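Structure, as structure tokens:
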Amino acid sequence: MGVAVPRPRYNEMTGLRLYKYEKLCSRTSINRLFREGDSTVAFPLRVVYRLHEPQGEAPVRFLITIPKKKMRRAVWRVLLRRRTREAYRLNRHLLYPTLTTAGMAADLAFLYIGTSQCAYSVIEQAITTLLQRVAEHARQSALDSQQP
């Protein structure tokens, strides 16, 4: 039998790797995200996000959805999912410090709303814009909760 290896927690020194615990997998969490979450758009992506108290290991959990209705070929959906995941992986540092200083956590769902393939640079720009907007919303809600 194998030895249980403890999972590393996120800190600034962990690097750019994405861990399993950063993925949003729970059906109840996903339902709560779409029921209670806010959203914003930066074409070709829409993000639905929910800010909450930290509960688990990761300050941010995310999922990526490329609808079959918009992208019929599986190869294109996989390509866009990889591009989106890579852009998030490299730019998540825009969101993490704000959430940790505010004492919050976030669930994110990135939804592809374009009808054709987009270059990586376009997706990366959209991810950057969306993460900055979510960080600003977290900053504002932390300030609002501190005021009497």
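The values are calculated or read from the model by the stated rules, or taken from the named source; none is laboratory data. From a predicted model like this one, the values you see are computed outputs, not experimental measurements. FYI the Cβ positions are ideal-geometry reconstructions off the backbone, even for glycines, and counts take in every protein chain you see.
Within the span defined as the stretch 118-131, one or more residues are surrounded by fewer than 12 Cβ atoms within 10 Å (Cβ to Cβ) and either charged (D, E, K, R) or over 14 Å from the mean Cα position of the chain (by Cα) (or both).
Residues that are part of a loop (DSSP other than H, G, I, E, B), in contact with a helix residue (DSSP H, G or I) (Cβ under 6 Å, 6 or more places away or on another chain) and under 23 Å from Leu33 (Cα atoms) within the stretch 62-80 comprise just one, Ile66. With the structure loaded, tell me whether Gln140 is in a helix (DSSP H, G or I), within 18 Å of Leu51 (Cα to Cα) and out of contact with any helix residue (DSSP H, G or I) (no Cβ under 8 Å at 6 or more places or on another chain) or whether it fails that test. Taking the combined requirement at face value, the residue satisfies it. Determine whether the stretch 75-85 contains at least one residue that is at pLDDT below 95 and surrounded by 13 or more Cβ atoms within 10 Å (Cβ to Cβ). No, there is no match, as no residue in the stretch 75-85 is at pLDDT below 95 and surrounded by 13 or more Cβ atoms within 10 Å (Cβ to Cβ).
Could you tell me whether any residue of the stretch 35-58 is in a helix (DSSP H, G or I) and either crowded, with 18+ Cβ neighbours inside 10 Å or of a type outside the set (Gly, Ala, Ser) (or both)? First the steps, then the outcome.
If we filter the stretch 35-58 for residues that are in a helix (DSSP H, G or I), which is where we start, we get 35-36.
Of the ones still in play, those that are also either crowded, with 18+ Cβ neighbours inside 10 Å or of a type outside the set (Gly, Ala, Ser) (or both) are 35-36.
Scanning the stretch 35-58 turns up at least one residue that is in a helix (DSSP H, G or I) and either crowded, with 18+ Cβ neighbours inside 10 Å or of a type outside the set (Gly, Ala, Ser) (or both).
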